[in-house]
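Structure record follows, encoded as structure tokens.
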Amino acid sequence: MPIPNSFNSDGLLAPGTYDASISDIRVSILVQGDGSSLTWDKAWRDSLLDRASILINQLWSVGVNDIYLDGSFVEDKDHPNDIDGYFDPHLSMYNPIDAVKFAKLVSNLNNLDQHKVWNWDPSSRRAVPGFHKLQLPMWIFYNVELYPHLDQGSGITDSFGNNLKFPSAFRQSRNGFKQKGIVRVIK
């Protein structure tokens with residue numbers, strides 16, 4: 001499905017998975033807005049997409065093709081802080097994924113990235129002025145957080161407090177647990 005031309009009444013993409021290239025996203029409501037807000041920050045959203053594209057291209061370079069974008073970037077928020085997302089290495093050349101293959105994947109990604117940001121170790125998080133939570137290196141350099149989906153919990157809970165896996169966690173709003181859409185980035 002293509003990205004809709006409007007957000008729903010909750011300011012979310014309607015539930016579903018929307019396949020879109022970087023070019024499709026760039027001309028969609030996610031960057032351009034719907035014209036209803038005078039403070040919609042197209043330039044910032046475009047810049048976020050540029051940064052996410054660097055990481056997405058790195059994933060594609062190592063054979064990972066299942067990449068999803070979410071967070072406030074896919075919501076009716078004039079100036080999102082970042083882009084959140086996840087990728088699934090299970091459907092790549094690393095399948096079946098195990099600890100050794102995952103370590104190789106991370107090494108290959110870090111060999112491509114000048115900042116070596118492919119790291120989710122909590123001890124790598126740093127304070128960033130103006131933000132209350134410690135941030136991962138990926139966020140510090142790119143304002144993007146892409147997490148591997150390895151069938152683990154995401155740290156995001158449902159309305160009952162259950163820890164959700166990435167596919168489910170990213171298909172609900174964090175405020176109100178409402179169902180929402182997500183974007184699968186395609187080449």
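Classify the stretch 65-174 as rounded, prolate or oblate from the Cα gyration tensor: take a ≥ b ≥ c as the square roots of its eigenvalues, call it rounded if a/c is under 1.5, otherwise prolate when a/b beats b/c and oblate if not. Oblate is the answer for the stretch 65-174, as a/c is 1.5 or above yet b/c matches or exceeds a/b. Of LEU55, LEU134, the sequence from fewest to most neighbouring Cβ atoms within 10 angstrom is LEU134, LEU55.
For the chain, the longest principal axis of the alpha carbon atoms and the long axis of helix 42-61 meet at an angle near 30°. Between the Cα long axis of helix 99-112 and the first principal axis of the chain there is an angle of about 70°, rounded to the nearest 10. Check the straight Cα-Cα distances from LYS77 and name the aspartates and glutamates below 17 Å, setting aside those fewer than 8 residues away within the same chain. Output for LYS77: ASP10, ASP34, ASP41, ASP46.
GNM remark for the chain: springs join alpha carbons under 10 Å apart, and the peak mean-square fluctuation among ASN111, ASN65, ASN162 falls on ASN162.
Does the stretch 123-187 come out rounded, prolate or oblate, given a ≥ b ≥ c as the square roots of the eigenvalues of its C-alpha gyration tensor, rounded meaning a/c under 1.5 and, failing that, prolate meaning a/b above b/c? All intermediate terms of the calculation are to be shown ahead of the outcome.
Details: a/c = 1.78, a/b = 1.39, b/c = 1.28.
Verdict is prolate for the stretch 123-187.
Rounded, prolate or oblate: which one fits the stretch 68-118, using the alpha carbon gyration tensor with axes a ≥ b ≥ c (rounded when a/c is under 1.5, else prolate when a/b beats b/c, else oblate)? Note, shape of the stretch 68-118 comes out oblate. Each residue, SER47 and LYS178, gets one label point 7 Å from its Cα in the Cβ direction; the gap between the two is 2.9 nm.
Computed about the Cα centre, the dipole magnitude for the stretch 8-116 is approximately 480 debye when only Lys and Arg (+1) and Asp and Glu (-1) carry charge, each at its Cβ.
Size descriptors for the stretch 1-57: radius of gyration and Dmax over Cα atoms are 11.7, 33 Å. Arranged from fewest to most other beta-carbon atoms within 10 Å of their beta carbon, PHE131, PHE102 become PHE131, PHE102. Could you tell me which label, among [x] 15.4, 47; [y] 16.1, 50; [z] 16.6, 61, carries the value of Rg and Dmax of the Cα atoms in Å calculated for this structure? Only one option fits the structure, namely [y].
Taking SER36, SER159, SER168 as the candidate residues, the one with maximal mean-square fluctuation in a Gaussian network model of the chain, Cα springs under 10 Å, is SER36.
Throughout, read-outs are computed from the coordinates displayed, never taken from laboratory work. All values reported here derive from a predicted model rather than from experimental measurement. All Cβ positions, even for glycine, are placed from backbone atoms using ideal geometry, and neighbour counts span all protein chains on display.
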